[in-house]
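These notes concern the structure reproduced below.
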Amino acid sequence: SSAVTYTRDGMVAMITINRPERMNRLDAEIVDGLHDRWVQFMGDDAARVAVLAGNGKAFSAGADLKNVPHHLYHGMPGIGFPVDKPVVAAVQGWCIGGAMVLTTMADIMIVSEDAKFSYPEVKIAFSGGLISNLVTRIPHKIAMELLLVGDTIDAKRAYEVGYANKIVSLDQLMPTAMDYARRIADTAPMPSRMLKRFASETLP
């Protein structure tokens with residue numbers, strides 16, 4: 001599916017949500033595309049690590065409310081398909097709702113200075129429930145504020161609370177994510193996959 005593309009640079013797979021004209025909103029086609037790309041990544045023996053990105057001004061503006069994907073879990077690495085290779089998320093602009101779930105499933109997250117995170121489901125009276133994993137991945141009180149109040153946090157706040165690993169300028173977003181990915185790829189692949197599996201088992 002052209003909705004989610006897969007390329008590889010050496011040992012680094014690039015998985016890109018590719019609907020920039022619609023701010024990469026998550027619909028059924030994109031969820032299915034993500035699932036297929038995780039399957040492809042795990043079957044690609046040459047790929048040791050993946051960089052997950054969104055094409056355009058936004059990483060993803062969340063679920064398409066005109067075409068809500070009721071099987072969102074299907075596109076989530078580690079939930080919809082077992083992924084024990086490391087995943088680095090590169091996030092710019094808006095990252096809303098279901099897109100936040102995607103980033104919580106990544107192991108490392110690089111954000112641009114304009115990144116903004118929001119989980120507005122409490123305001124629109126809709127939730128798929130997957131986001132509850134946020135509580136295990138950033139401090140409980142910060143997660144509950146995002147979930148229960150529905151306010152937006154910016155890149156600086158995401159970094160301060162340990163949700164993001166690094167903030168960079170927009171033009172440095174992909175180079176930095178690729179640098180992290182290459183450094184992970186240069187390590188021995190079996191220990192990194194084993195460590196990820198152990199970490200995943202530790203997290204609910």
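The values are calculated or read from the model by the stated rules, or taken from the named source; none is laboratory data. What you are looking at is a predicted structure, and each value in this text was computed from that prediction instead of being measured. Quick reminder, even Gly has a Cβ in these numbers, built from the backbone with ideal geometry, and neighbours come from all protein chains shown. To get the accessible areas, we keep the full protein, side chains included, count just its heavy atoms, and leave off ligands, DNA and RNA. Shrake-Rupley method; radii C 1.70, N 1.55, O 1.52, S 1.80 Å.
One residue stands out in segment 1-49 among those that are over 13 Å from the mean Cα position of the chain (by Cα) and among the aromatic types (Phe, Trp, Tyr): the one that is farthest from Met105 (Cα to Cα), namely Tyr6. Just one of the numbered conditions (1) touching a strand residue (DSSP E or B) at 6+ places or on another chain (Cβ under 7 Å); (2) modelled with pLDDT of 95 or more is not true of Ile96; which one? For Ile96, the failing item is (2).
For beta carbons closer than 9 Å, sequence separation of 6+ or different chains, a first residue in segment 20-32 that is polar (S, T, N, Q) and a second that is part of a helix (DSSP H, G or I), the qualifying pairs are Asn24/Ile30; Asn24/Ala99. Tallying residues that are open to solvent by 10 Å² or more (accessible area, probe 1.4 Å), closer than 17 Å to Val51 by Cβ and part of a loop (DSSP other than H, G, I, E, B) within segment 11-25 yields 2.
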